[in-house]
1. I want to confirm something. Restricting to the stretch 1-42 and keeping residues that are under 19 Å from the mean Cα position of the chain (by Cα) and away from the ligand (no atom under 15 Å from the Cβ), which single residue is surrounded by the fewest Cβ atoms within 10 Å (Cβ to Cβ)?
2. Going through Gly171, Gly205 one at a time, which residue ends up being more than 10 Å from the ligand (Cβ to nearest atom) and more than 24 Å from Ala84 (Cβ to Cβ)?
3. Only one residue in Pro147, Pro217 is more than 7 Å from the ligand (Cβ to nearest atom) and closer than 20 Å to Asn122 by Cα. Which one?
4. Select from the stretch 93-112 the residues that are within 9 Å of the chain's Cα centre (by Cα) and either at pLDDT below 95 or part of a loop (DSSP other than H, G, I, E, B) (or both) and list them in ascending order.
5. Could you check, for the stretch 159-167, whether at least one of its residues is small (Gly, Ala, Ser) and touching a residue at least 40 places away in the same chain (Cβ under 8 Å)?
6. Which one of the conditions (1) of a type in the set (Ser, Thr, Tyr); (2) over 28 Å from Ala201 (Cβ atoms); (3) assigned to a loop (DSSP other than H, G, I, E, B) does Tyr66 fail to meet, given that it meets all the rest?
7. Looking at the stretch 105-135, which of its residues are charged (D, E, K, R) and more than 14 Å from the ligand (Cβ to nearest atom)?
8. Do the conditions hold for Leu226, that is, is it closer than 19 Å to Arg91 by Cβ and within 10 Å of the ligand (Cβ to nearest atom)?
Amino acid sequence: MHTTEVAAALKGAKHVAILTGSGISAESGVPTFRDAQTGLWSQFKPEDLATPEAFRGNPKLVWEWYAWRRGLIARAQPNAGHLALVELEQRIPEFTLITQNVDGLHQRAGSRNVIELHGNINRTKCSEEDLPVTEWKERGDPPPRCPRCGGPLRPDVVWFGESLRAEAIEGALMASRRCDVFLSIGTSTLVQPAASLPFEAAEGGATVIEINTDVTPLTNHATFRLPGPAARVLPELLRVAWPA
Ligand code: BV8
């Protein structure tokens, strides 16, 4: 296990960049994208629901899928992996947390400098105006309507085939290229452009560490791999780097 080497790299780091995927929220009970969808949603694939086409074709179904996920996330708590990243942020001079997750659990854990590449499921926007909506009346069939223009409301997340906000991806690329140490945690490294970030970090000469229960397209290119669940591996890593 390379925990000692990784701990030494973290202790000497000036700028650490982190990329997280749904694997870090798995131990909070939030299903990952690759977990078979449970129960009601078992007949759908997330990639087929998280698209503008799905919303245009069946806005009620897509709105209800997000409402179900919002309910599940509201009952979830940040886990030891999220909390370890809050502690790490306090120990490293420059720290950038880039997440693909839309569950907001990093912010609930106390992380401050978070780049949400794919938006946040707890924010809602008008699908016509592309502007935020914080209050609306639930009248008739979902999705609810924009109080300003009457357009259907949608979650403020980035769907497949939609572009990421420029400031999010630019900030993430800059941090990935400049950091000394890059941790890729709980992501299958399949979804672009997020999946390119660890490779950008390696290009920039960073020590790249992958924390995952499985192998991914990054595994053979990472400097170190710490296999196992993030909620165990991250606290262990911090204990070795900064013994109490
Ligand atoms: C874009 C928000 C420009 C919504 C998400 C070919 C055809 C069609 C499209 C493409 C293509 N090639 C590239 C594209 C573009 C596409 C893409 O990448 N497709 C992939 C599938 C090939 N990308 C896009 O469309 C992006 N936009 O490129 O814009 C453009 C414009 C027009 C046309 C083309 C391009 C937008 C992508 C954003 C999509 N939105 N989420 C929502 O949440 O509902 S992505 C969504 O899936 C998640 O946010 C997350 O990012 C992703 C799932 O990935 P992971 O987070 O990695 O989760 P996953 O379940 O896959 O893996 C979990 C991992 O954790 C596993 O490795 C597992 O082993 C590990 N794990 C499990 N438990 C633990 C653990 N690890 C540690 N501890 C544990 N306990």
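1. Val16
2. So the residue among Gly171, Gly205 that is more than 10 Å from the ligand (Cβ to nearest atom) and more than 24 Å from Ala84 (Cβ to Cβ) is Gly205.
3. Pro147
4. Residues satisfying the conditions are Gln100, Asn101, Val102, Asp103, Gly104.
5. Yes, the stretch 159-167 contains a residue that is small (Gly, Ala, Ser) and touching a residue at least 40 places away in the same chain (Cβ under 8 Å).
6. (3)
7. Listed by number, the residues that qualify are Arg108, Arg112, Glu128, Glu129, Asp130, Glu135.
8. yes
The values are calculated or read from the model by the stated rules, or taken from the named source; none is laboratory data. This structure is a prediction, so every number in the text was calculated from the model and none was measured. As a convention, Cβ positions derive from the backbone with ideal geometry for all residues, glycine included, and neighbour counts pool all protein chains shown.
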